[in-house]
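Worksheet for the structure shown next.
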Amino acid sequence: MENQDPAVVDAIKTSGESTLEKATAKAKMKMDQFFNVSLNVAVTGVTGSGKSSFVNALRGLKDDDVGAAPTGVTETTVEPTMYEHPEMPNVKIWDLPGIGSPNFKAKKYLKDVKFNNYDFFIILTSVRFMENDIMLAKEIRKQKKGFYFVRSKIDNDISSEKKKKGFDEQKVLSIIREDCQKNLKELGDPKVFLISSHDLEEYDFESLQNILEDELPEHKKYALLQSWPVCSAASLEKKISMFKRMIWAASLASAGVAVVPLPGLSAACDLGIFVLFVTRCYYAFGLDERSLTRLSEKVNKPHLKDLSKSKLATAIREKALTRLQVSAAVATIATVEYFLSLLPGLGSVAAAGISFATTQYLLREGLNDLANTAREIRKAAGLASVQCM
């Protein structure tokens with residue numbers, strides 16, 4: 001590695017491999033996992049617990065948005081129904097049939113809904129957890145998969161209790177939590193997450209996300225962090241850090257292509273990686289029009305969505321990213337890479353160094369631009385330290 005660009009050498013060390021070829025192969029695998037790994041979340045519970053609304057909330061949709069899971073006062077889900085995340089089709093939320101039947105059989109239920117399709121289960125209720133919830137959790141545990149208890153519609157409870165004298169929100173939440181946990185003692189006192197599907201930034205949604213991050217395999221965690229809503233300043237910073245950690249892999253993938261002497265190949269790779277990477281940042285940070293409109297409505301600041309001054313965010317929104325000046329820069333550098341890659345020995349090394357450095361620079365600049373834009377919008381919304389986008 002002594003003849004290679006120092007930045008490439010550092011990236012190879014970061015990968016844990018000994019050669020550029022091995023590091024590039026690992027980088028490509030990481031990139032594929034990062035952008036394409038599937039995440040299948042099952043949401044189940046008794047009829048009327050708010051499963052469909054919760055599914056919509058995880059997808060960043062309101063109940064009346066186009067493509068939202070249908071909601072209603074009666075059971076609207078009669079068979080497992082899959083809903084893709086609007087911007088990340090590798091993430092799928094499954095709305096499973098209710099489990100309120102008196103003749104409920106947990107083992108048969110899991111077989112009917114195709115248990116192995118899902119990475120983990122969220123068991124939802126809007127009152128207290130009952131025998132069927134416990135039976136289902138026990139069966140899921142036998143199959144060695146994760147399950148999480150969510151008490152939904154907390155906003156309704158708080159709204160109702162506010163009308164009473166001496167209202168204390170924290171006391172009400174404690175009573176609800178203890179009541180739920182009391183019925184789950186035989187499962188070893190599992191955590192119960194109190195959630196409002198209409199206000200994910202409130203209550204325990206971020207705690208649920210943090211637990212999932214800790215318990216999911218690393219590649220599944222990538223999908224979770226990219227797709228789930230930004231619910232606090234800390235949540236946003238986690239997403240930013242995750243993308244920063246992936247820059248080495250994207251840059252090495254570019255460097256590996258640069259040593260292949262095919263005109264135009266490296267330019268296509270560099271630009272393709274850049275566009276995919278920053279577009280995913282754009283959606284993960286909540287900078288898309290739908291997310292900003294929802295945020296504007298939430299904080300009652302109608303013009304909030306117009307505050308984004310980022311040319312990069314605007315180009316992504318207008319699907320004009322490839323017309324940015326950056327594309328011309330990538331193409332010019334790729335021409336240099338091509339001629340260097342034709343030279344024996346150091347030519348390929350130099351080409352890899354140029355491609356790596358260029359891609360790394362563009363990704364860092366793009367990430368920083370979008371991250372700072374998201375921070376500024378949160379600040380303008382009065383959410384610099386708490387709350388959700």
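The values are calculated or read from the model by the stated rules, or taken from the named source; none is laboratory data. Values in this document were obtained by computation on a predicted structure and should not be read as measured data. For neighbour counting, all protein chains shown are included, and Cβ atoms are generated from backbone atoms with ideal geometry for every residue, glycine included.
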**Report entry** Scope the range 32-55; condition part of a helix (DSSP H, G or I), touching a Ser or Thr at 6+ places or on another chain (Cβ under 7 Å) and of a type in the set (S, T, N, Q); matching residues
**Finding:** Ser52, Ser53
Query raised in the report: Restricted to the range 211-235, and to residues that are of a type outside the set (A, V, I, L, M, F, W, C) and within 11 Å of the chain's Cα centre (by Cα), which residue is farthest from Arg378 (Cα to Cα)?
Result: Lys220
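Per-residue answers, yes or no, for (1) touching an Asp or Glu at 6+ places or on another chain (Cβ under 6 Å); (2) without any contact (Cβ under 8 Å) to a residue 12 or more places away in the chain; (3) surrounded by fewer than 13 Cβ atoms within 10 Å (Cβ to Cβ):
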{"residue": "Val37", "(1), (2), (3)": "no, no, no"}
{"residue": "Asn40", "(1), (2), (3)": "yes, no, no"}
{"residue": "Gly50", "(1), (2), (3)": "no, no, no"}
{"residue": "Thr71", "(1), (2), (3)": "yes, no, no"}
{"residue": "Asn103", "(1), (2), (3)": "no, yes, yes"}
{"residue": "Thr125", "(1), (2), (3)": "no, no, no"}
Report task. Take the range 335-387 and flag every residue that is small (Gly, Ala, Ser) and either modelled with pLDDT under 65 or not in a helix (DSSP H, G or I) (or both). Result -> Ser341, Gly345, Gly347, Ser348, Ala350, Ala351, Ala352, Gly353, Ala381, Gly382, Ala384, Ser385
Requested in this report: Identify the residue in the range 150-168 that is touching a residue at least 40 places away in the same chain (Cβ under 8 Å) and part of a loop (DSSP other than H, G, I, E, B) and, among all such residues, is nearest to Thr125 (Cα to Cα).
Outcome: Ser152
Query raised in the report: Quick one: what pairs do we get from the range 360-385, first residue assigned by TED's automatic domain parsing to the domain that holds Gly286 and closer than 15 Å to Thr279 by Cβ, second part of a helix (DSSP H, G or I) and of a type in the set (Ser, Thr, Tyr), C-beta under 7 Å, 6+ apart or different chains?
Result: Leu363/Ser251; Leu370/Tyr282
Report summary line: Of (1) over 22 Å from Tyr222 (Cβ atoms); (2) in contact with an Asp or Glu (Cβ under 6 Å, 6 or more places away or on another chain); (3) modelled with pLDDT of 80 or more, Ser266 satisfies every one except (3)
Query raised in the report: Which condition does Val78 not pass, out of (1) part of a loop (DSSP other than H, G, I, E, B); (2) crowded, with 18+ Cβ neighbours inside 10 Å, if it passes all the others?
Result: (2)
Requested in this report: Could you check, for the range 119-130, whether at least one of its residues is modelled with pLDDT of 90 or more, in the same structural domain as Thr47 (by TED's automatic domain parsing), in contact with a Cys (Cβ under 8 Å, 6 or more places away or on another chain) and within 30 Å of Asp64 (Cα to Cα)?
Outcome: yes
Report task. Could you tell me whether the range 237-252 includes any residue that is farther than 15 Å from Leu370 by Cβ, at pLDDT below 90, assigned to a loop (DSSP other than H, G, I, E, B) and among the aliphatic types (A, V, I, L, M)? Result -> no
Query raised in the report: Inside the range 169-227, counting only helices (runs of 4 or more DSSP H) that do not spill past its ends, which hold 3 or more residues that are surrounded by fewer than 16 Cβ atoms within 10 Å (Cβ to Cβ)?
Result: 169-182, 205-215
